[in-house]
C-alpha cells in the first residue's frame, strides 16, 4: 500500500471515530440535538444537556474508545506472537485471572477501586504465572506458550464457575455483567490512556520486525531480528494492554480477535499501518457497541460485549466472504 493510501485509510478511520463519538454523545434516553454539541464541547453550554454530556456520556464514550483500542492492539500483537489467527488478548488467561479477582471483590460486596484494582493485579498475576510455567526449563516457543495459556485459562474458568455457583443472588447480576463487559460505571479512561499511548509507541517502533516475524522465525533471524527478545516484548506488551482493558470494562470479547482480521482483509498485513488502524477501529467499534447497549432497550442497559459481537460478527463474515473475491479482482 502506498503512503498516500495509508494516510487516507487512517484519515477515514479517524473520521469514523469522530462521528461515532458525536453519535454516542447525542443518542440516549435523553436525545441531544447535534447542533448543541459544539457549544457543549467548547464549554459554552449550560443546563441539562451540558451535565449529561460532561458527567455521563463523554467519560463513558472515551472509556469505550480506549478499551476497544487496547483490545484491538493487544489482539494484533498476540496473533503475531503466537502465529495463530484465533489468538485474542485473553487466550493466555489474562482475563481469567482478572475475572477471579474482580468477581471475588464483587461477591464480598466491594466496589469501585477494589474491583478494578483487583482485576488489574489478577491479570498481572496470571501473566507472570503463564510466563513462568511456559518458560520452565525448556525452550520458550509459541506452541508451548499457547498450550500453557489455554490450560491456565481453563483453570481460571473453573474458579469462575465456582464463584458464580456460591455467590449470593444480590451479587450475581453484577458478576455476570462484568464477565460480559460493562461500562455502566465508567468515569473516564484515566491512566489507561497513557498505557495505550506508550503501548502504541512501542509497537510502532517494532512494526518492521513484526512484519518479518510474521513470515517465520528463520527469515526474521536471517534479516537481523532478535526473535527471542522480540517475543518477550510482545508477550508482556500485549498482556499489559489486555490487563488495562479488563480493568476499565471487564471481559469485553470479540474486539481483540476480529478487528485485526478485518483490517488484514481490507488494508493488508503491514503492521506499520495495521497497528494504528487497529487502535482507531477497535475504539470506534466499541463506542458504537456501547451506544447501542445503553439505548436499544433504554432505560435498561445491556452488557457492551453482547453488542460488540452482534455488530462485528456479521461484518466480519461478510468481509471474509468478499475478501478472496476482491483479491482475485485486483
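The values are calculated or read from the model by the stated rules, or taken from the named source; none is laboratory data. All figures in this text were calculated on a predicted structure; none of them were measured in a lab. Heads up, the Cβs are rebuilt from the backbone with ideal geometry, glycines too, and the neighbour counts pull from every protein chain shown.
Quick one: residue 241 ticks every box in (1) at pLDDT 90 or above; (2) surrounded by fewer than 24 Cβ atoms within 10 Å (Cβ to Cβ) bar one, so which box is it?
Every condition holds for residue 241 apart from (2).
Of all residues in region 209-238 being part of a loop (DSSP other than H, G, I, E, B) and surrounded by fewer than 19 Cβ atoms within 10 Å (Cβ to Cβ), which is nearest to the chain's Cα centre (by Cα)?
Result: 214.
Condition first: surrounded by 20 or more Cβ atoms within 10 Å (Cβ to Cβ) and at positive phi. Can you find one or more residues in region 22-39 that meet it?
No - not one qualifying residue is present in region 22-39.
Answer yes or no as to whether residue 283 is under 22 Å from residue 197 (Cα atoms), surrounded by 24 or more Cβ atoms within 10 Å (Cβ to Cβ) and touching a residue at least 60 places away in the same chain (Cβ under 8 Å). First the steps, then the outcome.
Details: under 22 Å from residue 197 (Cα atoms): yes; surrounded by 24 or more Cβ atoms within 10 Å (Cβ to Cβ): yes; touching a residue at least 60 places away in the same chain (Cβ under 8 Å): yes.
Here the answer is yes, as residue 283 does meet what is asked.
Would you confirm whether or not region 199-208 contains a residue that is part of a helix (DSSP H, G or I), within 30 Å of residue 283 (Cα to Cα) and free of Cβ contacts under 8 Å to residues at least 12 places away in the same chain? Talk me through it step by step, then tell me what you get.
So the first thing to find is which residues in region 199-208 are part of a helix (DSSP H, G or I), and the list is 199-205, 207-208.
Then drop every residue that is not within 30 Å of residue 283 (Cα to Cα), which leaves 199-205, 207-208.
Now drop any that are not free of Cβ contacts under 8 Å to residues at least 12 places away in the same chain, which leaves 201, 205.
Yes - at least one qualifying residue is present in region 199-208.
Kindly check whether there is at least one residue in region 181-192 that is out of contact with any strand residue (DSSP E or B) (no Cβ under 7 Å at 6 or more places or on another chain), assigned to a helix (DSSP H, G or I) and within 22 Å of residue 253 (Cβ to Cβ).
Looking through region 181-192, at least one residue is out of contact with any strand residue (DSSP E or B) (no Cβ under 7 Å at 6 or more places or on another chain), assigned to a helix (DSSP H, G or I) and within 22 Å of residue 253 (Cβ to Cβ).
Is it the case that residue 183 is at negative phi and without any contact (Cβ under 8 Å) to a residue 40 or more places away in the chain? Explain how you work it out, then say what you get.
On the way: at negative phi: yes; without any contact (Cβ under 8 Å) to a residue 40 or more places away in the chain: no.
No: the conditions fail for residue 183.
Need at least 1 residues that are within 30 Å of residue 32 (Cα to Cα) and touching a helix residue (DSSP H, G or I) at 6+ places or on another chain (Cβ under 7 Å) per element, so show me which helices (runs of 4 or more DSSP H) inside region 54-152 make the cut, counting only ones lying wholly within it. Walk me through it before giving the result.
Details: elements: 58-82, 94-107, 113-135.
Here the list reads 58-82.
Give just the number: which of (1) closer than 19 Å to residue 271 by Cβ; (2) crowded, with 18+ Cβ neighbours inside 10 Å does residue 202 not satisfy?
Against the list (1) closer than 19 Å to residue 271 by Cβ; (2) crowded, with 18+ Cβ neighbours inside 10 Å, residue 202 comes up short only on (2).
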